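To start, the structure itself, in structure tokens.
No lab work stands behind these numbers, since they all come straight from the coordinates. All of these numbers come straight from a predicted model, not from anything done at the bench. Methodologically, a virtual Cβ is constructed for each residue, glycine included, from the backbone with ideal geometry; neighbour enumeration extends over all protein chains shown.
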Amino acid sequence: MVRAFETAWSARFGCRQAVAVSSGTAALHLAVIAAGVSDGDLVITTPFSFVASANVVLYERAVPIFVDIDPESLAIDPRRVEEAADAIARGGRDAAAWLPPSLRPSRRRTPRRLAAVLPVHVFGRAADLDPLMALASRLDVPVIEDACEAIGTTYRGRAAGTIGRAGAFGFYPNKQMTTGEGGMFVTDDDGWAAVARSLRNQGREGHRWLDCDRLGYNYRLDELSAALGHAQLARIDELLARRASVAAMYAERLAGHERVRMPSIDAPGASWFVYVVRLDPCIDRDQVMRRLADLGIPTRAYFPPIHLQTHYRQRFGYREGMFPIAEAAGRQAIALPFHNHLTGDQVSFICEALDAAMRET
Ligand SMILES: Cc1ncc(COP(=O)(O)O)c(C=O)c1O
């Protein structure tokens with residue numbers, strides 16, 4: 001079933017190699033290893049994401065370099081990525097300015113190397129890949145796409161996740177399709193795929209069953225989960241269409257609401273992962289969430305930026321104000337209930353409750 005799922009995935013999304021693994025995080029981690037990211041290296045990524053997209057860089061003892069986002073798409077801003085990458089290439093003080101506070105000034109003698117660029121397709125909308133790919137090719141560094149939220153997303157007609165040197169998809173139950181837990185590492189590079197296949201299975205190579213070439217992991221996807229993934233993939237168009245129709249119900253009921261900013265992902269090629277709106281900055285978002293919770297309507301503050309999470313603050317000295325666009329999005333964003341079986345009445349109930357809660361705060 002694992003092989004059948006991988007083959008079906010490659011055929012559907014147009015990639016040479018698909019390697020099924022136990023989570024989206026595992027897929028991203030294998031991509032970071034395949035890219036050769038290691039001690040002290042730098043990886044440019046976004047602070048406005050799920051924490052795993054930066055954690056995988058730390059797993060390899062490298063340093064995530066956060067770059068603020070575009071306020072409209074909420075994805076990493078390619079112009080700032082270029083600024084950061086060029087500053088890192090120049091080295092010295094220019095490069096140090098992009099390092100986390102606790103690593104500036106650096107006492108390292110050897111300059112730090114930019115080892116990869118890791119954009120995230122936030123909420124199912126593709127990051128602007130063309131300028132990132134052009135920059136990466138000029139600097140000769142790989143792009144690793146975090147497509148964990150972007151199953152079915154396209155960027156200029158190509159499947160998100162298949163455009164960079166490697167991509168990672170996730171199949172946690174909140175995703176467009178699920179395997180319970182699971183993920184897929186994709187690449188057109190046979191060498192990278194071979195590394196990923198070996199590392200997901202304790203570093204074994206080919207048929208030498210108990211002889212490991214590398215320090216590997218148990219990142220295998222089990223047969224039952226693969227069977228579920230295979231069946232879900234066969235229904236993916238129906239699943240995506242159902243999500244789009246629930247999003248359309250929300251859009252109809254919230255249209256023109258002057259205190260609600262519609263989802264950043266309502267854009268060509270996007271695939272609906274979550275329904276996140278941004279509330280007017282003068283509204284107390286957390287109080288709105290509490291009022292909705294009192295009515296039995298669960299919502300999430302999605303995302304709290306990565307650099308402000310306790311581990312990152314303590315380890316790297318990050319503070320508020322360092323990535324203002326990501327922070328503003330993090331303060332205003334609210335993920336409304338979203339799944340394929342929401343009815344029109346439920347969506348109306350949620351939108352009316354949201355409107356009432358905003359009036360009361
Ligand atoms: C952007 C992003 N990256 C990585 C992950 C990690 O995926 P998983 O939970 O399958 O490990 C997730 C999701 O959960 C995600 O949303």
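Couple of notes before you dig in:
- A convex hull fitted around the alpha carbon atoms of region 205-281 yields 181 Å³ per residue.
- Dimensions of region 84-156 based on its C-alpha atoms, expressed as ranges along the principal axes with the largest first, amount to 45, 26, 14 Å.
- Centroid-to-centroid, using Cα positions, region 260-290 and region 25-45 are 30 Å apart.
- The simple spin-label model puts a point 7 Å past each Cα toward its Cβ; for residue 352 and residue 205 those points are separated by 6.6 nm.
- Label reach from residue 361 (point 7 Å along Cα→C-beta): in region 289-312, amide nitrogens under 18 Å belong to 289-305.
- Per-residue extension of 0.36 nm, minus the Cα-Cα distance of residue 3 and residue 83, leaves a gain of 24.6 nm for this segment.
- Placing unit charges on the Cβ atoms only, positive for Lys and Arg and negative for Asp and Glu, gives the chain a dipole magnitude near 880 debye about its Cα centre.
- For region 181-240, the fraction of alpha-carbon pairs in successive 10 Å shells from zero, as %: 21, 39, 30, 9, 1
- Cα lying deepest toward the dipole's positive end in the chain, options 151, 329, 43, charges on Cβ: 43
- Evaluated with a Cβ-only charge set (Lys, Arg +1; Asp, Glu -1), region 114-181 carries a dipole of roughly 160 debye about its Cα centre, given to the nearest 20.
- Antiparallel bridge percentage (DSSP; both residues within region 2-234; nearest 5): 55 percent
- Relative intensity, log₁₀ I(q)/I(0), of the chain from a Debye sum that treats every alpha carbon as a point, q = 0.06, 0.12 Å⁻¹: -0.22, -0.89
- Charging the Cβ of each Asp and Glu at -1 and of each Lys and Arg at +1, and nothing else, the dipole of region 214-278 about its Cα centre rounds to 240 debye.
- Each label was represented as a point 7 Å from its Cα along the Cα-to-Cβ direction; for residue 251 and residue 16 these points are 3.7 nm apart.
- The Cα-based radius of gyration and maximum Cα-Cα distance (Dmax) for region 237-360 are 15.6, 47 Å.
- Relative to one another, the C-alpha centroids of region 114-145 and region 293-347 are positioned 24 Å apart.
- Beta bridges by DSSP in region 1-120, antiparallel share as percent, to the nearest 5: 10 percent
- Debye log10 I(q)/I(0) at q = 0.08, 0.15, 0.16 Å⁻¹ for region 129-284, Cα point scatterers: -0.33, -0.96, -1.04
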